[in-house]
Amino acid sequence: MPAHTDELRDLDAALGDGDLGLTVSAGVAAMADRVSELPLAITSSALMREAAMAFASANPSTFAALVGSGMLAASTGIDDSRPLDRQAAVAIGRAIAAAITAKGGAELGDKTLLDVLVPALDEVDDGASAGHLHAFLERRVGEIASWRSRRGRAAWHQERSIGLKDPGSVAVAYALAILTEGN
């Protein structure tokens with residue numbers, strides 16, 4: 001994700017306050033630092049909880065709060081007695097999306113990260129390969145750009161938001177692509 005810092009900052013500067021690149025980079029770095037300190041025998045739910053708290057605490061931003069709280073909420077539903085397979089990953093993703101919806105109030109169609117995350121989870125649940133998912137993510141980000149933003153700071157720009165990529169959607173697309181590389 002750090003390789004995308006400048007791009008995310010620039011996208012966010014066009015529709016928001018320009019902090020998304022730093023938010024994501026600092027959050028991912030905090031997660032990596034925290035995870036490297038954890039014992040190898042940690043449960044998946046505890047690992048997710050620690051990563052969520054590290055991401056959310058890395059800096060004060062709406063994106064960090066929403067993603068961190070979504071991950072934290074999802075950690076409570078992880079069944080540590082089962083392996084983390086595709087089905088479990090989709091369930092975790094859906095729990096993250098539900099928590100973000102509950103906390104932030106956004107819905108599908110509002111031109112937010114949910115408009116990438118939820119359909120991508122459907123693609124994964126349907127058995128999409130990594131290559132197919134990566135192509136889908138690229139197409140989806142482009143489709144969403146043609147919408148008018150209806151939530152957050154981007155919504156302040158009204159019609160001017162049409163044609164601009166949603167920064168949170170781009171960040172989520174990059175994260176999903178990175179998580180599925182080699183799968």
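The values are calculated or read from the model by the stated rules, or taken from the named source; none is laboratory data. None of these values were measured; they are calculated from a predicted model. Quick reminder, even Gly has a Cβ in these numbers, built from the backbone with ideal geometry, and neighbours come from all protein chains shown. For the accessible areas, the whole protein counts, side chains as well, though only heavy atoms, and no ligand, DNA or RNA atoms are used. Shrake-Rupley method; radii C 1.70, N 1.55, O 1.52, S 1.80 Å.
Some observations on this one:
- Taking the criterion of being in a helix (DSSP H, G or I) and farther than 12 Å from VAL170 by Cβ, the residues of the range 11-26 that qualify are ALA13, LEU22, THR23, SER25, ALA26.
- Counted residues, the range 39-57 - those being part of a loop (DSSP other than H, G, I, E, B), among the hydrophobic types (A, V, I, L, M, F, W, C) and closer than 20 Å to GLY77 by Cβ: 1
- Only residues that are open to solvent by 50 Å² or more (accessible area, probe 1.4 Å), small (Gly, Ala, Ser) and either part of a helix (DSSP H, G or I) or at pLDDT 95 or above (or both) were counted across the range 101-130, and they come to 1.
- MET48 vs. criteria in contact (Cβ under 8 Å) with a residue 24 or more places away in the chain, of a type outside the set (Asp, Glu) and surrounded by fewer than 20 Cβ atoms within 10 Å (Cβ to Cβ): no
- Test for PRO60: is it assigned to a loop (DSSP other than H, G, I, E, B) and more than 17 Å from the chain's Cα centre (by Cα): no
- Which listed residue is on the phi < 0 side of the Ramachandran plot, of a type in the set (Lys, Arg) and touching a residue at least 24 places away in the same chain (Cβ under 8 Å), from ARG86, ARG9: ARG86
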